Amino acid sequence: KAGVTQTPRYLIKTRGQQVTLSCSPISGHRSVSWYQQTPGQGLQFLFEYFSETQRNKGNFPGRFSGRQFSNSRSEMNVSTLELGDSALYLCASSLQQYNEQFFGPGTRLTVL
Amino acid sequence: AQKVTQAQTEISVVEKEDVTLDCVYETRDTTYYLFWYKQPPSGELVFLIRRNSFDEQNEISGRYSWNFQKSTSSFNFTITASQVVDSAVYFCALSEAIAGGGNKLTFGTGTQLKVEL
């Protein structure tokens with residue numbers, strides 16, 4: 001079974017721009033979660049989508065948004081990028097709630 | 001609020017030594033789930049184990065073992081006879097039973113394990 005895939009793997013943007021990251025979960029997994037990893041804040045939960053609905057949300061500003069499609073693929077969008085948004089963005093999928101989450105390789109975003 | 005503490009920032013051992021990574025958690029829920037993940041230099045988080053709050057049995061998987069003690073709110077991870085390939089950052093994580101369901105992991109800050117020859 002193919003694992004979680006994320007595109008692109010690397011991205012360089014400038015302040016003020018917006019960016020869209022994509023995640024394809026493991027086949028059959030309907031829950032997709034997003035996490036941000038930075039050296040200063042560690043791993044932080046952004047949000048989770050299940051059956052095209054946002055089920056949980058972390059403490060991030062409204063510039064961070066996401067959506068899920070009917071095939072469970074998910075995208076997250078960050079608008080008006082700030083330098084502090086530079087991070088590794090990890091996507092994870094899960095078969096059911098409270099089950100183990102399987103992570104993708106991440107998208108490394110650099111904001112200049 | 002839930003919290004996970006990994007007090008050991010970095011541990012260095014020589015190959016074949018045993019090493020224990022500590023994890024202490026805080027939660028008000030009686031139902032919760034604990035996890036360990038490994039993050040090698042490539043960056044991808046690799047799932048190692050999941051344990052629910054009602055199952056305090058220790059678990060062994062090859063060279064890996066986990067000790068779950070609710071009395072001390074700890075979920076420690078031991079690697080026996082460490083190998084260079086074990087070098088990575090290890091994260092402990094907690095998931096509470098959220099009203100309405102869902103998956104939300106709260107991670108500790110991680111422990112960088114370096115295994116040298």
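The values are calculated or read from the model by the stated rules, or taken from the named source; none is laboratory data. None of the values given here were measured: they were computed from a predicted structure. Every residue, glycine as well, gets a Cβ built from its backbone with ideal geometry; the counts of neighbours run over all protein chains shown.
Among the residues of the range A:66-89, none is identified as crowded, with 18+ Cβ neighbours inside 10 Å and without any contact (Cβ under 8 Å) to a residue 24 or more places away in the chain. Condition (residue is over 18 Å from A:F102 (Cβ atoms), within 13 Å of chain A (Cβ to nearest Cβ) and either touching a strand residue (DSSP E or B) at 6+ places or on another chain (Cβ under 7 Å) or not β-branched (V, I, T) (or both)) applied to the range B:58-75: is it met by at least one residue? No; the residues of the range B:58-75 include none that is over 18 Å from A:F102 (Cβ atoms), within 13 Å of chain A (Cβ to nearest Cβ) and either touching a strand residue (DSSP E or B) at 6+ places or on another chain (Cβ under 7 Å) or not β-branched (V, I, T) (or both).
Take the residues of the range A:54-112 that are among the charged types (D, E, K, R) and in a loop (DSSP other than H, G, I, E, B): which is farthest from the other protein chains (Cβ to nearest Cβ)? Talk me through it step by step, then tell me what you get.
Narrowing the range A:54-112 to residues among the charged types (D, E, K, R): A:55, A:57, A:63, A:67, A:73, A:75, A:82, A:85, A:100, A:108.
Now drop any that are not in a loop (DSSP other than H, G, I, E, B), which leaves A:63, A:73, A:82, A:100.
Values: A:R63: 20, A:R73: 17, A:E82: 22, A:E100: 5 Å.
Filtering the range A:54-112 for residues that are among the charged types (D, E, K, R) and in a loop (DSSP other than H, G, I, E, B), the one farthest from the other protein chains (Cβ to nearest Cβ) comes out as A:E82.
Let's see how each residue does on (1) buried (at least 16 other Cβ atoms within 10 Å of the Cβ); (2) among the charged types (D, E, K, R); (3) modelled with pLDDT of 95 or more:
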position: B:E10; (1), (2), (3): no, yes, yes
position: B:E15; (1), (2), (3): no, yes, yes
position: B:D29; (1), (2), (3): no, yes, no
position: B:Q57; (1), (2), (3): no, no, no
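So which residues in the range B:101-117 are on the phi < 0 side of the Ramachandran plot and either without any contact (Cβ under 8 Å) to a residue 24 or more places away in the chain or charged (D, E, K, R) (or both)? Result: B:N103, B:K104, B:K114, B:E116. Across the range A:50-63, not a single residue is classified as closer than 26 Å to B:K3 by Cβ and surrounded by 22 or more Cβ atoms within 10 Å (Cβ to Cβ).
Filter the strands (runs of 3 or more DSSP E) completely within the range B:65-117 down to those with at least 3 residues that are polar (S, T, N, Q). Let's see the steps before the verdict.
On the way: elements: B:74-79, B:88-96, B:111-116.
So the answer is B:74-79.
Taking the listed residues A:T5, A:T14, the one that is more than 14 Å from B:K104 (Cβ to Cβ), of a type outside the set (A, V, I, L, M) and surrounded by fewer than 15 Cβ atoms within 10 Å (Cβ to Cβ) is A:T14, with no other qualifying.
Looking at B:K104, B:K114, which is the one that is of a type in the set (K, R) and surrounded by 20 or more Cβ atoms within 10 Å (Cβ to Cβ)?
Details: B:K114 fails: surrounded by 20 or more Cβ atoms within 10 Å (Cβ to Cβ).
Only one candidate passes the filter, namely B:K104.
Of all residues in the range A:7-53, those satisfying the criterion of being assigned to a loop (DSSP other than H, G, I, E, B), within 11 Å of another protein chain (Cβ to nearest Cβ) and under 20 Å from A:D85 (Cβ atoms) are A:R9, A:P39, A:G40, A:Q41.
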